[in-house]
Amino acid sequence: MAFSYQLPLQTKTLKQQPLEKALQNAAEELDIASSDPALPPFVITDFFVLDGQLHVDVAFITNQATIEYVRDVNRVA
């Protein structure tokens with residue numbers, strides 16, 4: 001499963017790593033596990049700012065199709 005979010009940009013300095021850490025902390029607190037032990041339950045597959053909006057794509061690793069999608073995105077990146 002993959003989700004795309006667009007949020008108004010609230011700050012001039014924004015980094016992907018704190019968001020990744022927050023997603024991992026939330027997964028641990030809520031006992032959410034990945035279907036692939038080699039991947040975290042949530043993977044940010046895209047992260048960019050365009051026209052004052054933060055665009056974030058997050059994959060929830062729940063099935064083989066999502067795992068393959070994340071691997072494909074990583075190959076292209």
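Projected label points at Q64 and A38, each 7 Å from Cα along the beta carbon direction, are separated by 1.4 nanometres. Using only Cα atoms and rounding to the nearest 10 degrees, what angle (0 to 90) does helix 16-29 make with the longest principal axis of the chain? So the helix axis and the longest Cα principal axis differ by about 40 degrees. Computed about its Cα centre, the charge dipole of the range 2-76 is approximately 280 debye, with only Lys, Arg, Asp and Glu carrying charge at their Cβ. Between 0 and 90 degrees, the angle of helix 64-76 with respect to the longest Cα principal axis of the chain falls at about 50 degrees. Between F47 and E20, the modelled labels are 0.6 nm apart [label points 7 Å from Cα along Cα→Cβ]. Considering only L14, T62, V73, and ranking their Cα positions along the charge dipole of the range 2-76 that arises from unit charges at the beta-carbon of Lys, Arg, Asp and Glu, the one farthest toward the positive end is L14. Backbone geometry of the range 34-45 corresponds, through the Karplus equation with coefficients 6.51, -1.76 and 1.60 at θ = phi - 60°, to 3J(HN,Hα) couplings of 7, 7, 10, x, 7, 10, x, x, 10, 10, 7, 9 Hz, x marking Gly and Pro. When the trypsin sites (Lys or Arg not before Pro) in the chain are filtered for DSSP coil states and for at most 11 other beta-carbon atoms within 10 Å of their beta-carbon, the remaining sites are K12, K15.
Any read-out appearing in this document is the output of simple, stated calculations on the displayed coordinates, not a laboratory observation. Everything numeric here is computed off the predicted structure, so don't read it as measured data. Quick reminder, even Gly has a Cβ in these numbers, built from the backbone with ideal geometry, and neighbours come from all protein chains shown.
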